[in-house]
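The values are calculated or read from the model by the stated rules, or taken from the named source; none is laboratory data. Because the structure is predicted, anything quoted here is derived from the model rather than measured. Methodologically, a virtual Cβ is constructed for each residue, glycine included, from the backbone with ideal geometry; neighbour enumeration extends over all protein chains shown. Surface areas here come from the heavy atoms of the whole protein model, side chains and all, with no ligands, DNA or RNA. Shrake-Rupley method; radii C 1.70, N 1.55, O 1.52, S 1.80 Å.
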Protein chains: 2
Amino acid sequence: MFLVSFIPLQPDAPMGTPGLPHERSDAARNRERLLCAARELVDEFGADALTMDALACKAKVGKGTVFRRFGSRAGLMMTLLSDAESEFQRGFMFGPPPLGPGASPEDRLVAFGEGRIYFVLENGELLKAAGAATRNRFDVPATKLSHRHMEVLLREAGIADPWVMAMSLTYALDPERIVDDVRVRGISPSRLTDSWRELITRLLKAT
Amino acid sequence: MFLVSFIPLQPDAPMGTPGLPHERSDAARNRERLLCAARELVDEFGADALTMDALACKAKVGKGTVFRRFGSRAGLMMTLLSDAESEFQRGFMFGPPPLGPGASPEDRLVAFGEGRIYFVLENGELLKAAGAATRNRFDVPATKLSHRHMEVLLREAGIADPWVMAMSLTYALDPERIVDDVRVRGISPSRLTDSWRELITRLLKAT
DNA sequence: ATAGAAAACGGACCGTAGTCCGTTTAGTAT
DNA sequence: ATACTAAACGGACTACGGTCCGTTTTCTAT
């Protein structure tokens, strides 16, 4: 699919993605130290409690280095998410139907939403932290890709303005919304997926 | 409607709503000074540029006083919005159809979304500032009321889980989404309202 | 091996939201 | 009028994200 390759998985990778061009050895070492420390802190205290100072300290690295590496707190969270996010993306782009290609747009959208809801429930803290503080969350590349995916399916299904409709659906699946529905407002995940199915089914049935 | 009176317009009014029980005269005076200064700062520099320090300074008041009065930056923004918000609420609760009672749920929902979109475009900065930093935006009372309103209409229209569906629609109308669509991504307001109409129409047509 | 340049480093520094607590002041009871 | 109390005040203080810039380290070319 021609859409895929134009959307990078990282925010803009402030410098030296994993091992691309020449990355200085000290930089590589520090990146490893930082990611390692970050994962430990997240595991132990949760993503919300992670401060950039604490991270720098734990990784035995200057604060400037943290920001050079990840650009911002949101960037760090995105990096922490990127493996899981890539896997989810592979699922809806290349995986088996109904999530992947081969099923009807309707079935694929239902499956996409369900997958997304469970994905968010597993990575909610990180996702919220990645989205917050980012001036327009839509800049998060993974969000852009999801949006494009839904846009294509909605167009196939005959929606008049698929770009805008995809945006509505993107916000309906907002991490903050999903996490708070389940954890704060006590809605069960299955109610969310059922309602999503109802939404997509009705939306694509008409005409 | 019995729903109305249980939902206060203010967050929790840290102390002394406009003129309720005994409000000390100095408190009243300072509240007036603060609101006045805040409106001037917002008019001149925009809501985004308003800092609590600058506000305290301009109102000739200590910083502690600002926070005692409004609780937080978000609380201040909500207070600034409350007149406009009340008017919008009157529109969909008591005003003429199709926004107010008397039209079909479908027409009322379409009108509600359109009204909301234009409302957000007029008060976007304030709304974004009121929503941000508020741990779950759903706590904003006006949001709660809108949600209830949509929930009732969706139930009338035969939606299986109107509470959850209303939440999806609430997020589809998120101020950040609407403002960024129009001002950052260059989508015209009429595209947004057209798409909203398509969403509601299809959603409520089936079965 | 050496020197020079580019990249990375570190931590002091800044702006801002929000808290704390000792001081002041408005109402009230005598 | 006076004294008392609870509310309100103010501004120093903290926490945190993010920036800046002088210093150090790595790589490369000779």
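For the range B:151-161, the criterion of being open to solvent by 30 Å² or more (accessible area, probe 1.4 Å), under 25 Å from B:A74 (Cβ atoms) and touching a Pro at 6+ places or on another chain (Cβ under 9 Å) is satisfied by no residue at all. Tallying residues that are out of contact with any Cys (no Cβ under 8 Å at 6 or more places or on another chain) and within 11 Å of DNA strand D (Cβ to nearest atom) within the range B:40-69 yields 14.
Has the range B:97-117 got any residue that is out of contact with any helix residue (DSSP H, G or I) (no Cβ under 6 Å at 6 or more places or on another chain) and within 8 Å of chain A (Cβ to nearest Cβ)? Looking for residues that are out of contact with any helix residue (DSSP H, G or I) (no Cβ under 6 Å at 6 or more places or on another chain) and within 8 Å of chain A (Cβ to nearest Cβ), one finds none in the range B:97-117, hence no. Scanning the range B:162-189 for residues that are farther than 16 Å from A:D139 by Cβ, more than 7 Å from every other protein chain (Cβ to nearest Cβ) and not hydrophobic (A, V, I, L, M, F, W, C), we see that the one that is surrounded by the fewest Cβ atoms within 10 Å (Cβ to Cβ) is B:S188. Restricting the first member to the range B:100-124 and to residues that are outside the structural domain of B:I200 (by TED's automatic domain parsing), and the second to residues that are surrounded by fewer than 20 Cβ atoms within 10 Å (Cβ to Cβ) and modelled with pLDDT of 95 or more, no beta-carbon pair is closer than 8 Å while six or more apart or on different chains. Just one of the numbered conditions (1) more than 10 Å from DNA strand D (Cβ to nearest atom); (2) in contact (Cβ under 8 Å) with a residue 24 or more places away in the chain; (3) charged (D, E, K, R) is not true of A:D83: (2).
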